[in-house]
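Worksheet: the structure to be examined is printed underneath.
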Amino acid sequence: MKTMLSRPGLVTLLLFVMAQASWAADRVALLIGNSRYDNSALSLKNPANDVAAMSKKLGALGFVVITAQDASSDDMDRALNAFESQLKGADLGLFFYAGHGSQAGGENFLLATDFQGATSEAVKKSSLTLGRVREAFARAKPNAGIVILDACR
């Protein structure tokens with residue numbers, strides 16, 4: 001019999017496992033939720049709610065939580081830089097993105113709210129790449145890292 005967890009069930013299970021682990025206090029999370037895009041046709045309901053709920057739970061578990069709600073590409077860059085700075089030497093880093101995403105040439109693009117247009121150049125200009133997130137983890141060298149993407153494509 002195949003068992004499937006809903007997204008809230010998976011997040012709850014993940015948070016429970018992390019709470020039970022015997023890690024030290026250095027836990028850092030970056031939560032980006034893009035709901036309101038400049039192009040209102042792209043707007044989404046759940047990302048802001050998801051970030052608010054996760055921020056509350058992770059904060060209660062002792063995480064340093066950095067949030068970026070309805071973030072422009074500049075906002076996302078600043079948030080990633082702050083995350084990397086806090087992540088250096090941490091036991092656990094968690095990155096969560098909810099919003100629109102795209103993939104091209106083997107790279108995942110997490111779209112900022114200032115995204116305009118439909119060209120690959122517009123996507124590159126107004127997004128944060130998953131590669132940059134992975135590079136931040138590699139430079140900061142936490143003991144463990146978790147990346148959760150909830151991206152509409």
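The values are calculated or read from the model by the stated rules, or taken from the named source; none is laboratory data. Just so we're clear, the structure is a prediction, and the values are computed from it rather than from any experiment. Every residue, glycine as well, gets a Cβ built from its backbone with ideal geometry; the counts of neighbours run over all protein chains shown. Calculation scope for accessible area: heavy atoms of the full protein, side chains included, ligands and nucleic acids excluded. Shrake-Rupley method; radii C 1.70, N 1.55, O 1.52, S 1.80 Å.
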**Request:** Hey, can you grab everything whose amide H is under 5 Å from the amide H of residue 64? Only 5+ residues off in sequence or another chain; H modelled, so Pro and N-termini drop out.
**Result:** 27, 28, 29
**Fill in**
Note: the range 73-153, point scatterers on Cα, Debye, no solvent; log10 I/I(0) at q = 0.21, 0.22, 0.23 Å⁻¹ equals -0.94, -1.01, -1.08
**Asked** How large, in percent, is the carbon and sulfur part of the accessible surface of the range 44-142 at a probe radius of 1.4 Å?
**Response** 48
**Request:** Evaluate the distance, in nm, between pseudo-label points positioned 7 Å from the Cα of residue 125 and of residue 49 along their respective Cα→Cβ axes.
**Result:** 3.3
**Complete:** Contact order relative to length for the range 106-153, counting C-alpha pairs under 8 Å separated by 6 or more residues, stands in percent at 34
**Message:** So if I take the centroid of the Cα atoms in the range 55-90 and the same for the range 102-153, what is the distance between those two points in Å?
**Reply:** 15
**Request:** Just order 72-78, 116-122, 41-47 by mean Cβ neighbour count inside 10 Å, highest at the front, would you?
**Result:** 72-78, 41-47, 116-122
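Would you mind working out the accessible area per residue for the range 37-94, using a 1.4 Å probe, and quoting it in Å²?
Accessible area per residue, the range 37-94: 49 Å².
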